[in-house]
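Q: My structure is below; once you've seen it, I'll send some questions.
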Amino acid sequence: MNLNSADAITIATAVQQAKISAVDVVKASLDRIAARDSQLNCFTTVTAETALQNAAQIDQQIQKGNYPGLLAGVPFAVKNLYDIAGLTTLAGSKINAENKTATQDATAIRKLKNAGAILVGALNMDEYAYGFVTENSHYGTTHNPHDLNRIAGGSSGGSAAAVAAGLVPLTLGSDTNGSIRVPAALCGILGLKPTYGRLSRTGVFLFSSSLDHIGFFARSVRDIAIAFDVLQGEDEQDSVYTKLPAVETRNITSKTQHIDGIKIAIAGDYFTEKCSPEALTAVQKIADALNVTEYVSIPETHRARAAAYIITASEGANLHLERLKSRPQDFDFATRDRFIAGALIPSSWYIQAQRFRSWYKHKVREIFENVDIIIAPTTPISAPEIGQQTMFLDGEEILIRPHLGLFTQPLSFIGLPVLSVPIQRGNDLPLGVQLIAAPDKEMSILRVAAVLEKMGVISAEVV
């Protein structure tokens, strides 16, 4: 078994059956990090000593005949806005580095550890999760494993690049306006943003509370499914947690042979404008494989994106207002300027944006009365070069930083579950396609993704 390319389930099964020790698995992950991360800059902290201790405990449980958990011995890492007991929660910032260390793990970390997974460190991100590039002025740029001269995307860039490079098979990220799906697409892996409120955010440094989701990255559909299973469960500490029965998805890949009964359509209009031909071809590849020809129009999506900007900037600026007043020089300048702009947004604009949000949510729900899954591009282009400021789309030169989320923001805005799936393109950079469903319909998304994976239409490669 090649531990660099093995998925989480393969590793866990081997550890459970004592075919390999959890300690050896973690050592291999730490060796891979030591060998490659100086080039990639995924990690801001590596918790090697604790990881090896926890791995040894898993091995002891197995020796005693105890069940070690669904993810026994699987190394994982988390975006550095998750609380890790004994570490300072950076959230990509210089200012937060002065905070006290966390006294306990975030709920999501605790759940993964309870399932036997081994935390090996914290990952780089855009400052305070405000960005799509992970070019962090404090902790450096995370490089795309497919081409070290290109960005990994953001704001969960370290999380995506670590999985794509085979440093770990599973990572946690967060998604406000596309911060899981954008880097997943640019790095050629899978990234799931579940329904808003479906998974606990307790112990996560938030950016925009009414938009923030937690989610995760992996290289196989079954890893996505089992991580979703493990992370579900009620959390009374999270005020936005949706109290729904847990849905078991872990056997989705073995049970799913077809997608009969799932009606799929292609997002038209807005989602085909300002999009590179390559991104449209990626969507068409999915459509052709599934024999999908129907298009749907989601009305006023350009306004949804504008409203999402207003809400994001307003809520983010409000959270950081005192820091902006007292320590403006300690922010990444790009983050600081956007927060300052958000602080100047009139309250009437914010209120109107929230009103529009309710209307838009209702309109999209109407579409899902007739369609189960909508497919759309994840990003308008493949990974830009590091430091690149603009891109040309539809004959127009536009800024990269805000516009990599063109097709992800309107979906976060109303909390829909979305999985970005990878389309590999030979020697060219990968692209992602979004599988979008109605709230709490993650099972439908995973069924479609499992079929696409079996067909070989989507795949995530270690690079």
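Q: Evaluate segment 319-341: report whether one residue or more is at pLDDT 95 or above, touching a Leu at 6+ places or on another chain (Cβ under 7 Å) and open to solvent by less than 50 Å² (accessible area, probe 1.4 Å).
A: yes
Q: One residue is enough: does segment 301-315 have a residue meeting the conditions in a loop (DSSP other than H, G, I, E, B) and modelled with pLDDT of 95 or more? Please lay out each step first, then the result.
A: Step one: of segment 301-315, the residues in a loop (DSSP other than H, G, I, E, B) are none.
No, segment 301-315 has no match at all.
Q: Taking the residues in segment 124-146 that are buried (at least 23 other Cβ atoms within 10 Å of the Cβ) and among the β-branched types (Val, Ile, Thr) as candidates, determine which candidate is nearest to ASN96 (Cα to Cα).
A: Taking the candidates together, the pick is THR134.
Q: Do we have any residue at all in segment 55-66 that's out of contact with any helix residue (DSSP H, G or I) (no Cβ under 6 Å at 6 or more places or on another chain), closer than 24 Å to ILE226 by Cα, modelled with pLDDT of 95 or more and in a loop (DSSP other than H, G, I, E, B)?
A: Yes, segment 55-66 contains at least one residue that is out of contact with any helix residue (DSSP H, G or I) (no Cβ under 6 Å at 6 or more places or on another chain), closer than 24 Å to ILE226 by Cα, modelled with pLDDT of 95 or more and in a loop (DSSP other than H, G, I, E, B).
Q: Right, something else. On the basis of being closer than 30 Å to ILE423 by Cα and of a type outside the set (A, V, I, L, M, F, W, C), does SER297 make the cut?
A: When the stated conditions are applied, SER297 passes them.
Q: For segment 109-131, how many residues are farther than 25 Å from GLY405 by Cα and not in a loop (DSSP other than H, G, I, E, B)? Break it down into steps so the answer makes sense when it comes.
A: Taking segment 109-131 and keeping what is farther than 25 Å from GLY405 by Cα, we get 109-121.
Going one step further and asking which of them are not in a loop (DSSP other than H, G, I, E, B), we end up with 109-114, 118-121.
Of the residues in that region, 10 qualify.
Q: Could you check segment 159-268 for strands (runs of 3 or more DSSP E) lying wholly inside it with 3 or more residues that are open to solvent by 20 Å² or more (accessible area, probe 1.4 Å) and touching a strand residue (DSSP E or B) at 6+ places or on another chain (Cβ under 8 Å)?
A: Once the strands (runs of 3 or more DSSP E) in segment 159-268 are filtered for at least 3 residues that are open to solvent by 20 Å² or more (accessible area, probe 1.4 Å) and touching a strand residue (DSSP E or B) at 6+ places or on another chain (Cβ under 8 Å), nothing remains.
Q: Tell me, yes or no, whether segment 370-383 has at least one residue that is surrounded by fewer than 16 Cβ atoms within 10 Å (Cβ to Cβ), farther than 30 Å from MET443 by Cβ and touching a Leu at 6+ places or on another chain (Cβ under 9 Å).
A: No: zero hits.
Yes/no matrix, rows are residues, columns are (1) over 28 Å from SER200 (Cβ atoms); (2) charged (D, E, K, R); (3) modelled with pLDDT of 95 or more:
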site: SER5; (1), (2), (3): yes, no, no
site: ILE20; (1), (2), (3): yes, no, yes
site: VAL74; (1), (2), (3): no, no, yes
site: LYS79; (1), (2), (3): no, yes, yes
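Q: Ok, one more. Tell me which residues, restricted to segment 179-195, are out of contact with any Pro (no Cβ under 9 Å at 6 or more places or on another chain) and closer than 19 Å to ILE458 by Cβ.
A: ILE180, ARG181, VAL182, PRO183 - these are the residues of segment 179-195 that are out of contact with any Pro (no Cβ under 9 Å at 6 or more places or on another chain) and closer than 19 Å to ILE458 by Cβ.
Q: Give me a count of the residues in segment 147-158 that are assigned to a strand (DSSP E or B) and either open to solvent by less than 10 Å² (accessible area, probe 1.4 Å) or within 17 Å of ALA6 (Cα to Cα) (or both).
A: Residues flagged as assigned to a strand (DSSP E or B) and either open to solvent by less than 10 Å² (accessible area, probe 1.4 Å) or within 17 Å of ALA6 (Cα to Cα) (or both) within segment 147-158 amount to 1.
Q: A follow-up question, please. Exactly one of these conditions fails for ALA22: (1) open to solvent by 10 Å² or more (accessible area, probe 1.4 Å); (2) closer than 21 Å to SER220 by Cβ; (3) more than 23 Å from the chain's Cα centre (by Cα). Give me its number.
A: (1)
Q: Search segment 281-296 for residues that are in contact (Cβ under 8 Å) with a residue 40 or more places away in the chain and pair each with any residue that is part of a helix (DSSP H, G or I) when their beta-carbon atoms are under 7 Å apart and the residues are at least 6 apart or on different chains.
A: Close Cβ pairs satisfying both conditions: ILE286/LEU452; ALA289/LEU452; ALA289/MET455; VAL296/ILE367.
Q: So, restricting to strands (runs of 3 or more DSSP E) that lie completely within segment 362-463, which ones have at least 1 residues that are among the acidic types (Asp, Glu) and touching a residue at least 40 places away in the same chain (Cβ under 8 Å)?
A: 396-399, 428-437
Q: Sticking with this one: Quick check: is even one residue across segment 389-411 under 27 Å from ASP212 (Cβ atoms), buried (at least 18 other Cβ atoms within 10 Å of the Cβ), among the hydroxyl-bearing types (Ser, Thr, Tyr) and at pLDDT below 95?
A: There is no residue in segment 389-411 that is under 27 Å from ASP212 (Cβ atoms), buried (at least 18 other Cβ atoms within 10 Å of the Cβ), among the hydroxyl-bearing types (Ser, Thr, Tyr) and at pLDDT below 95.
Q: Looking for something within 26 Å of the chain's Cα centre (by Cα), surrounded by 13 or more Cβ atoms within 10 Å (Cβ to Cβ) and hydrophobic (A, V, I, L, M, F, W, C) - is there at least one such residue anywhere in segment 343-350?
A: No, every residue in segment 343-350 fails to be within 26 Å of the chain's Cα centre (by Cα), surrounded by 13 or more Cβ atoms within 10 Å (Cβ to Cβ) and hydrophobic (A, V, I, L, M, F, W, C).
Q: State all residues of segment 79-108 that are part of a loop (DSSP other than H, G, I, E, B) and without any contact (Cβ under 8 Å) to a residue 60 or more places away in the chain; if no residue qualifies, say none. Working first, answer last.
A: Quick first cut of segment 79-108, residues part of a loop (DSSP other than H, G, I, E, B) only: 80-81, 83-84, 86-95, 99-101, 103-106.
Scanning segment 79-108 gives ILE84, GLY86, LEU87, THR88, LEU90, ASN99, LYS100, THR101, THR103.
Q: Among the listed residues LEU30, LEU40, LEU81, identify the single one that is in contact with a strand residue (DSSP E or B) (Cβ under 7 Å, 6 or more places away or on another chain), open to solvent by less than 10 Å² (accessible area, probe 1.4 Å) and over 28 Å from GLN232 (Cβ atoms).
A: Result of the check over LEU30, LEU40, LEU81: LEU40.
Q: Name the pairs whose Cβ atoms lie under 8 Å apart, with the first residue in segment 63-78 and within 22 Å of VAL46 (Cβ to Cβ) and open to solvent by 10 Å² or more (accessible area, probe 1.4 Å), the second assigned to a strand (DSSP E or B) and not acidic (Asp, Glu), and 6 or more positions between them or separate chains?
A: If the second residue must be assigned to a strand (DSSP E or B) and not acidic (Asp, Glu), no pairs are left.
The values are calculated or read from the model by the stated rules, or taken from the named source; none is laboratory data. Here the structure is a predicted model, which is why all the values come from computation and not from measurement. So basically every Cβ, Gly included, is an ideal-geometry build from the backbone, and we count neighbours across all protein chains shown. To get the accessible areas, we keep the full protein, side chains included, count just its heavy atoms, and leave off ligands, DNA and RNA. Shrake-Rupley method; radii C 1.70, N 1.55, O 1.52, S 1.80 Å.
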